[in-house]
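In what follows, a structure is listed as structure tokens, so that the remarks can point back to it.
Read-outs throughout are calculated quantities, based only on the coordinates presented, and are distinct from any laboratory measurement. Owing to the predicted nature of the structure, the values given are computational and were not obtained by experimental measurement. Virtual Cβ from ideal backbone geometry, glycine too; neighbours counted across all protein chains shown.
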Amino acid sequence: MATIQPKNNLLIAHPSLLGDETFHRAVILMCSSINESPIGFILNHALTYSLAELVPEITVEIPVYHGGPVDNDHLFFIHYGDQILPSAKAVGQNIYFGGDVEQALKAVQSGKLHAQNSRFFLGYSGWETLQLANEIKQGSWLVQSSAAYHDLFEQPITRLWPMALRKEEGEVALWANTPQNPKYN
């Protein structure tokens, strides 16, 4: 059975998931610890509204992302760089998950958290204990270390999936150059 250490890994949607509305070309940052059910956030599926539209006291325009199909009515967040929120949990090299929501909103207003060092999500991606291991074994997901991406938060979101595929070997890497919808090729 394939197993992964959830934290500090990226799940890259295999090209075979092209028809899946939620995970099409998804790059997911895994944020759970080993003893918890695996959870992660889709880094490259931006929604059409900003944090300021969701939280009335926020005046800063920060994009909000679709984190996954679970708990879509809850706001989650990660940040990169220095640990700005003391209650955030380290999930990778200089990557932190969660923390106190009030502190996070104050950090946004003060400019400590911004679009270049944070991601805000509605919902998350979650799996039952062995479900993710089975999906990896079946080839639905490619697993890469987030440590291999020093510029993960600096890349345009449209480049994350192709960039990850280029790190793979064989036929999978060829998909990196396909358009969003291969029918338009």
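Tabulated results
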| read-out | value |
| --- | --- |
| Hull volume in cubic angstrom per residue (convex hull over the Cα atoms of region 9-58) | 115 |
| Calculated FRET efficiency for the pair GLU53/GLN155, C-beta based, R₀ 25 Å, to 0.05 | 0.55 |
| Inter-part distance where region 110-155 and region 59-94 are each reduced to a Cα centre, Å | 11 |
| In degrees, nearest ten, helix 157-166 long axis to first principal axis of the chain (Cα) | 40 |
| Cα pair distances in region 31-80, grouped into 5 Å bins until the bin that holds the longest one, percent each | 4, 17, 25, 25, 15, 7, 5, 1 |
| Space enclosed by the convex hull of the alpha-carbon atoms of region 88-185, per residue, Å³ | 156 |
| Expected 222 nm ellipticity per residue - DSSP helices of 4 or more, -39500 (n - 2.57), all of the chain, to 500 | -4500 deg cm²/dmol |
| Inter-site label distance for HIS24 and GLN138 at 7 Å from Cα along Cβ, in nm | 2.0 |
| Relative intensity, log₁₀ I(q)/I(0), of the chain from a Debye sum that treats every alpha carbon as a point, q = 0.11, 0.20 Å⁻¹ | -0.47, -1.48 |
